[in-house]
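Worksheet: one structure, shown below.
The values are calculated or read from the model by the stated rules, or taken from the named source; none is laboratory data. The model shown is predicted, which means the values in this text are computed figures rather than measured ones. All Cβ positions, even for glycine, are placed from backbone atoms using ideal geometry, and neighbour counts span all protein chains on display. Each accessible area value is taken on the protein alone, full model and side chains, heavy atoms only, with ligands, DNA and RNA left out. Shrake-Rupley method; radii C 1.70, N 1.55, O 1.52, S 1.80 Å.
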Amino acid sequence: MIRFEPRENVPPLLRLGAPVAAAIAALALAALPIMAAGAPVLDAYALMAKGAFGSLFAFSELLARATPLVLTGLAAALAFRARLWNIGGEGQLYAGALAAVAVGSGALALPPLLMVPAVVVAGALAGGLLMLVPALLKVRLGADEVVTTLLLNFIVLLFVQMMLEGPMKDPMGMGWPQSEPMLEEATLPKLMARMRVHAGLLIALVAALVVHVLLKRTVWGFEIRAVGENQDAARHAGIPVTATFLRVALMSGALAGLAGVGEVAGLKGYLTADLSPGFGYAGIVVAMLAGLSPLGVVVAALFIAGVFVGADSMSRAIGVSNYLADLVVATSLIAVLVSGLFVRYRVRLVRRGQGGSAA
């Protein structure tokens, strides 16, 4: 008989090794469809690595793809630390992008030096205020935030489509449903000439450091962690649980909104309904793979971005579908959940009449 027993102390090596083992397991599972397609597995993964790291251009594409993943990963990680299950990163990303375009396309007559800060603040506020709605429903009415944040994704996307077909439609877009372009002074500067990586990467890295310091070194961070561990105990200790939830909701939504700002102000320059290929949902995988560590989110985002960018290159080289990247991301989430089980619990084999042995 198998019995799971909670671990009193988790070895640091086990805690750090679990996400790595999960990533390796995901790649191993993804090898099965590669073999089924008749492609050599080692060659496929070599081409994937080359497509992500084989040149300066490839690496810049990886960084550009990782930028929104870092921010949506931080949004999920911060909320999950407080046991506020934010599944609405996709909608908050679009809300941030919509607000950024509304400000950055010339709706406000601002001095050029203030355009980029105004765009960033507008996007962060839009994402934060959107997340505040399900948080208020949770603390006031007990509504399940998993359902409300998930459904808000679809509502926001429909609203974006309506705006792109109506008031915000570009009259020079030849009928395509897209917004008016961002003004040049409202766009984020590029970090490399003729490459797509932009200053949003710096915003994402600074955000990761700020969230890390917030959680580890501040009173607010202690309150967030305490509420996440045990709400009743935190409330008994005098921690304002409701205020903590609302504060986390604003910060989490703002981080996801910044991901939308980066996509429109740093990459495309305008908003379309297909702006995100699912960065908000992939951010949940990034957060889980990182073990909800803000600095770990950066590493996990680079891994997931490398899978996506490398899979595109591999697909063109050997004819394996680039949907393999989605498979790796999905299996990564499953693997990290399973590895988390073994981190929290010790497996003990028990025979009748014997004490059993632990693994």
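State to the nearest 20 debye the size of the charge dipole of the range 1-151 about its Cα centre, where the only charges are +1 on K and R beta carbons and -1 on D and E beta carbons.
Rounded to the nearest 20 debye, it is 280 debye.
Which far-off residues, 5 or more places away or on another chain, put their amide H under 5 Å from the one on Met182, with H placed in the peptide plane?
Tyr270
Per DSSP H run of at least 4 residues, take -39500 (n - 2.57); add these up for the chain, divide by its residues and hand me the 222 nm value, nearest 500 deg cm²/dmol. Working shown, then result.
On the way: 13 runs with 243 residues, N = 359.
Calculated at 222 nm, the ellipticity per residue is -23000 deg cm²/dmol.
Quick check: residue separation of Leu108 and Phe57 times 0.36 nm, minus the Cα distance between them. What number comes out in nm?
Answer, rounded to one decimal: 14.8 nm.
Taking a spot 7 Å from the Cα of Ala49 along the direction of its beta carbon, which residues of the range 306-332 have an amide N less than 17 Å from it?
306-315
Taking amide H positions as placed 1.01 Å from N in the peptide plane, with prolines and chain starts having none, which residues 5 or more places from Leu188, or on another chain, fall under 5 Å of its amide H?
Result for Leu188 returns Gly266.
Quick one: net charge of Ala273's neighbours, Cβ under 14 Å, K/R +1, D/E -1? Write down the numbers at each step before the final one.
Numbers: positive: Lys169, Lys268; negative: Glu90, Glu165, Asp170, Glu263, Asp274.
Taking every other residue near Ala273 into account, the sum is -3.
If the reach is capped at under 16 angstrom between alpha carbons, list the aspartates and glutamates near Lys138, excluding any in the same chain fewer than eight residues apart.
Candidates past the 8-residue exclusion: Asp232.
Could you pull out every one of the aspartates and glutamates with an alpha carbon less than 19 Å from that of Lys169, ignoring same-chain neighbours closer than 8 positions?
Counting by Cα, and skipping residues close in sequence, Lys169 has these aspartates and glutamates nearby: Glu180, Glu184, Glu263, Asp274.
Quick check for you: with a 1.4 Å probe and neighbouring chains kept, what is the accessible area per residue of the range 69-279, in Å²?
46 Å²
Past the 20 angstrom mark, what percentage of all C-alpha to C-alpha distances in the range 177-259 do you count?
In whole percent, the long-distance tail amounts to 52.
Under unit Cβ charges (Lys, Arg +1; Asp, Glu -1), what dipole magnitude, rounded to 20 debye, does the range 69-279 have relative to its Cα centre?
Values: 14 positive and 13 negative charges, 126 e Å.
With Lys and Arg at +1 and Asp and Glu at -1, about 600 debye.
Put +1 on the Cβ of each Lys and Arg and -1 on the Cβ of each Asp and Glu in the range 217-359; which of Met251, Val338, Gly319 then has its Cα farthest toward the positive end of the dipole?
Farthest along the dipole direction, towards plus: Val338.
Using the Cα atoms of the chain to build a convex hull, what is its mean projected area in square nanometres?
If you wrap the Cα atoms of the chain in a convex hull and average its projections, you get 22.2 nm².
What's the carbon and sulfur percent of the chain's accessible surface, probe 1.4 angstrom, rounded to a whole number?
Looking at the chain in its full context, I get 68 percent from C and S.
Run the numbers on the range 69-279 and let me know its relative contact order in percent, using alpha-carbon pairs under 8 Å that are six or more apart. Show your work: numbers first, answer last.
Numbers: 371 pairs, mean separation 86.8, N = 211.
After rounding, I find 41 percent.
Using amide H atoms built 1.01 Å from N in the peptide plane, name the residues 5+ places from Arg346, or on other chains, whose amide H lies under 5 Å from its own.
Glu5, Arg7
Return the Rg/Rh ratio of the range 104-195 with Cα-based radii and a Kirkwood Rh.
Using Cα coordinates only, the ratio equals 1.08.
List every DSSP H helix in the chain whose Cα atoms extend 27 Å or more along the helix's own long axis and whose mean Kyte-Doolittle hydropathy is at least 1.6.
Flagged H segments are 12-36, 112-141, 145-165, 294-318, 324-344.
The range 69-279: D in µm²/s via Stokes-Einstein (Kirkwood Rh, Cα pairs, 37 °C, 0.692 mPa s)?
Approximately 188 µm²/s, per Stokes-Einstein.
Among residues other than Thr242 whose Cβ falls under 14 Å from its Cβ, what is the net charge (Lys/Arg +1, Asp/Glu -1)?
Local charge sum for Thr242: +2.
Within 12 Å, Cβ to Cβ, of Leu137, how many net charges do the neighbouring residues add up to if Lys/Arg are +1 and Asp/Glu are -1? Write out the running numbers ahead of the final one.
On the way: positive: Lys138, Arg140; negative: Asp144, Glu145.
Net local charge, Leu137 excluded: 0.
Pop a pseudo-label 7 angstrom from the Cα along the beta-carbon direction at both Phe222 and Leu136 and give the gap in nm to one decimal.
3.1 nm
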